[in-house]
1. Each residue of the stretch 306-321 in order: what ³J(HN,Hα) in whole Hz does its phi give by Karplus 6.51 cos²θ - 1.76 cosθ + 1.60, θ = phi - 60°, with x for Gly and Pro?
2. Looking at the chain, which longest stretch skips every one of the GluC sites (Glu not before Pro) that is in a DSSP loop with at most 13 other Cβ atoms within 10 Å, leaving the sites themselves out?
3. Expressed as a whole number of Å, what is the distance separating the alpha-carbon centroids of the stretch 252-282 and the stretch 90-113?
4. Around Thr158, which amide H atoms from residues at least 5 apart in sequence, or from another chain, sit under 5 Å from its own amide H, with H modelled in the peptide plane?
5. Lys and Arg at +1, Asp and Glu at -1: add these up for the other residues within a Cβ distance under 12 Å of Ala217 and post the number.
6. From the phi angles alone, apply the Karplus equation (6.51, -1.76, 1.60; θ = phi - 60°) to the stretch 230-247 and give each ³J(HN,Hα) in whole Hz, x where the residue is Gly or Pro.
7. With springs only between Cα atoms under 10 Å, which of Gly148, Gly267, Gly258 fluctuates most in a Gaussian network model of the chain?
8. Need one number: convex hull volume per residue for the stretch 67-205, Cα atoms only, in Å³.
Amino acid sequence: MLTLGIDSSCDDTSVALVADGRRIVAGLVSSQIEIHRRFGGVVPEMASRKHFEAILPVLSETLAAGKVSLNQIDQIACTAGPGLLGPLLVGLATAKGLSLSLKIPLIPVNHLEAHLAAAFLARGEEPAYPFVGLIVSGGHSNLVLANGPREFTTLGRTADDAPGELFDKIARHLQIGYPGGPAVQKLGETGDPLRYRLPRPLAGRGYGFSFSGLKTAILQTVRAEGEKLSLPDLCASMQAAVAETLCGKAEAAAAETGCKRMVLAGGVAANGVLRRKFEDLAALHGIQLLIPPIALCTDNAAMVAAQGFFSANAVTGDLTRVNASSDWAMGDPLPLA
Ligand code: KG4
Ligand code: ZN
């Protein structure tokens with residue numbers, strides 16, 4: 001069973017072919033990083049236009065790379081939300097057109113659910129439940145209990161900024177690079193994580209996250225230190241604060257649910273400090289930890305194809321009426337018109 005995956009939820013136009021939800025036949029990502037770099041963040045209207053230009057060439061190249069023709073595809077899985085509305089529409093309209101013309105099913109996929117599926121796809125395995133999942137990206141910070149391909153209970157989410165957003169905004173302020181996460185990681189490699197005392201927001205207080213206060217604390221540190229500021233130490237201290245905060249909540253969720261399987265996913269899961277912190281946590285508690293390799297942490301369409309394949313039976317309704325939705329929550333029914 002060959003699934004064509006499409007993702008255009010943010011600033012990457014990506015198409016992939018996945019066999020049986022477990023094996024990547026081909027996958028391409030056309031990045032818009034260079035376009036948005038000078039603005040220090042994604043400009044939604046520019047992103048929409050670039051998706052529109054890229055989507056058909058990326059589709060053709062992916063088919064060519066996989067040596068697959070359109071009529072060999074069995075079904076299409078496409079991100080329907082959450083994400084930026086204009087960018088989402090480009091992918092979904094393309095997927096609907098292909099589905100109608102090829103007369104094959106279209107499976108709308110929740111982008112955050114897909115991030116979690118990446119961890120199993122990387123191992124060539126079907127997702128196993130239950131697990132505690134943490135999705136950390138530029139737009140999200142969601143802690144969930146997963147009980148099935150479309151059965152998610154949200155334990156906590158951020159009340160304001162996402163951790164990737166924190167890295168991106170601080171990096172923009174300090175002018176150290178774009179996107180912020182990789183730049184912070186690189187600079188932090190030689191830094192002292194204990195140098196600056198930064199808060200661990202909402203530690204020990206439920207499953208909710210809040211990163212905007214941490215952002216303010218970092219900016220105050222920058223101001224107070226002035227010329228004395230050590231960028232490596234600041235980046236190391238910032239990563240330690242984020243990693244400890246995320247890890248503490250995930251640890252509490254595993255203890256309360258008794259779940260011995262955990263998935264860490266999303267763009268920020270590419271962070272080395274965070275990965276090591278979660279590895280230590282898993283070793284300490286005998287938890288099976290799954291983190292996708294870095295290429296499958298950041299946005300890609302292979303994870304969308306995998307999630308579509310395994311959730312197909314759970315997705316019902318008139319799929320021709322599915323809308324793009326900027327805030328489609330995990331586990332919620334389809335965003336129907
Ligand atoms: O999942 P993703 O590709 O897109 C969204 O759905 O948001 O995540 C992008 C985010 C950006 O904020 C970026 O700074 C962050 O992931 N990121 C990282 C690293 N690589 C990407 N954050 C920390 N460390 C990294 N190595
Ligand atoms: Zn994402």
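We did not get these values from a lab; they are worked out from the coordinates using the rules stated. What you see is a predicted model; the values in this text were computed from it and never measured. For neighbour counting, all protein chains shown are included, and Cβ atoms are generated from backbone atoms with ideal geometry for every residue, glycine included.
1. 5, 4, x, 4, 7, 9, 3, 5, 8, 9, 10, x, 7, 5, 6, 9
2. Numbers: sites that count: Glu125, Glu189.
Counting at most 13 other Cβ atoms within 10 Å as exposed, the longest clean stretch of the chain is 190-337.
3. So the separation of the two Cα centres works out to 31 Å.
4. Distant-sequence amide H within range of Thr158: Ser141, Phe209.
5. Working: positive: Arg197, Arg200, Lys215, Arg223; negative: none.
Here the charged neighbours net out to +4.
6. Taking θ as phi minus 60°, the curve returns 9, 4, x, 5, 5, 5, 5, 5, 5, 5, 5, 5, 5, 5, 5, 4, 5, 5 Hz for the stretch 230-247.
7. The residue that fluctuates most here is Gly258.
8. Numbers: hull volume 26.0 nm³, N = 139.
Per-residue hull volume (Cα only) is 187 Å³.
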